[in-house]
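Take a look at the structure below.
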Amino acid sequence: MQVVVDDQVVHYEKTGSGPTVVLIHGWGDSLSTFYDLQSSLSKKFTVVSIDLPGFGQSHALNKPWDLNSYAEFLADFVNKLDLKVTTYIGHSNGGAILIYGLSNKILKANKLVLLAPAGIRNQQQIKKQIIKVATKSGKVVTSVLPKKTRLSLRTKFYGAIGSEMLLVPNMEETFKNVVNQDIRNNAKELKLTTLLIYGQEDQATPMSYGEIFNKLIDNSKLVTIDHAGHFVHHDQPLQVEKLIKEFI
């Protein structure tokens, strides 16, 4: 399905019936990341998943966005569909958007599930500067190469400096905005019951992030899962589904 929100044509899916759960994917991903989870939850809940603007089948952005832009858009999307959200579930950067939006009262819900949430950005100030340089020099250095090779090298380049996920073509400025927003102060302001789920082998958002968020967020619970990486809901789907169903 498609809907126009804030002049953005976005793709979304809505299944099931019951209390409403909204799923938010991470950077470089799409709603397809939640197919199995959505199918499972839709047996007891109304489940809505969305391709955020700039990703999946939704239209590209016409200007750079940041976490606030995505949170405001998500609030308008929820209002457009007249959803009464009981639980938000966010993976990686989707989790960062939700922490920002809920802490600033842009979004409303009763419960929050965070799957390997990102948003702890400035543990090393030098790293932030490297990312800033990388978004410029990585583009310049590879500019003379064939497009396919250029994208491959830039993806490896971003991975090597510890940035999250893939660099999406034409989203460089939005990427820079997002990775420069640290949300630890926002996490302190969260008041709703929160479940944090991290994979033991996650290299993109390590367990130490979960421990930090767990200390910052009142009324939160941290669960770490063995033999799982950043896509914990793919690596251990049954365990993640069980945890979420018990929580919500």
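Of the residues making up segment 206-219, those that are closer than 15 Å to Ile99 by Cα and within 18 Å of the chain's Cα centre (by Cα) are Tyr209, Gly210, Ile212, Phe213, Asn214, Ile217.
Residue count for segment 203-222 satisfying the condition of being free of Cβ contacts under 8 Å to residues at least 60 places away in the same chain, among the hydroxyl-bearing types (Ser, Thr, Tyr) and closer than 13 Å to Ile120 by Cβ: 1. When each of Gln200, Gln236, Gln181 is tested for being touching a helix residue (DSSP H, G or I) at 6+ places or on another chain (Cβ under 9 Å), farther than 19 Å from Val22 by Cβ and without any contact (Cβ under 8 Å) to a residue 60 or more places away in the chain, the lone residue that passes is Gln200.
Throughout, read-outs are computed from the coordinates displayed, never taken from laboratory work. Please read these numbers as outputs of a predicted model, since none were measured by experiment. Neighbour counts are summed over all protein chains in view; Cβ atoms, including those assigned to glycine, are modelled from backbone coordinates with ideal geometry.
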